[in-house]
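Single-structure report; data block below.
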Amino acid sequence: MRKNHPRESSEKEIPAKVAITHTKPNWARLENPPSSVYANQVELHISNWDFRFRFGETIDQQDEGANVIERARIIMSPQHTKAFLTLLADNVRKYEAAFGEIRISPVAKPQTQ
């Protein structure tokens, strides 16, 4: 019978890349699921504890600025935000590979008088 080395344990060590792998969740079916919203504006606030996303829809653009209707707020831990960033970046790459580059239009500057 082999004795465990002092650094070995009876439990198998999980490599770091496996430890951060996400399993597919089983989403619960709700009787009244939340409604989907469209957003073309996002505001981001950060703190030591979380990332706060505020999603909105621009309803009209004026010289003084845009009128935006707030549609949703999402608050995530820094760890979840970083995992979300990785997931989002990977899927943008897949989208562009399938459909071509996503071009970001330049933001129109207000005209000065």
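Every read-out reported here was derived from the displayed coordinates using simple, explicitly stated rules and does not represent laboratory data. Just so it is clear, the model here is predicted, and its values are computed rather than measured.
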*Can you run the Rg to Rh ratio on segment 36-99? Use alpha carbon positions and the Kirkwood inverse-distance Rh.*
1.07
*asked:* Residue by residue through segment 33-40, what is 3J(HN,Hα) from phi via Karplus (6.51 cos²θ - 1.76 cosθ + 1.60, θ = phi - 60°)? Round to whole Hz and write x for glycine and proline.
replied: x, x, 7, 7, 10, 9, 9, 10
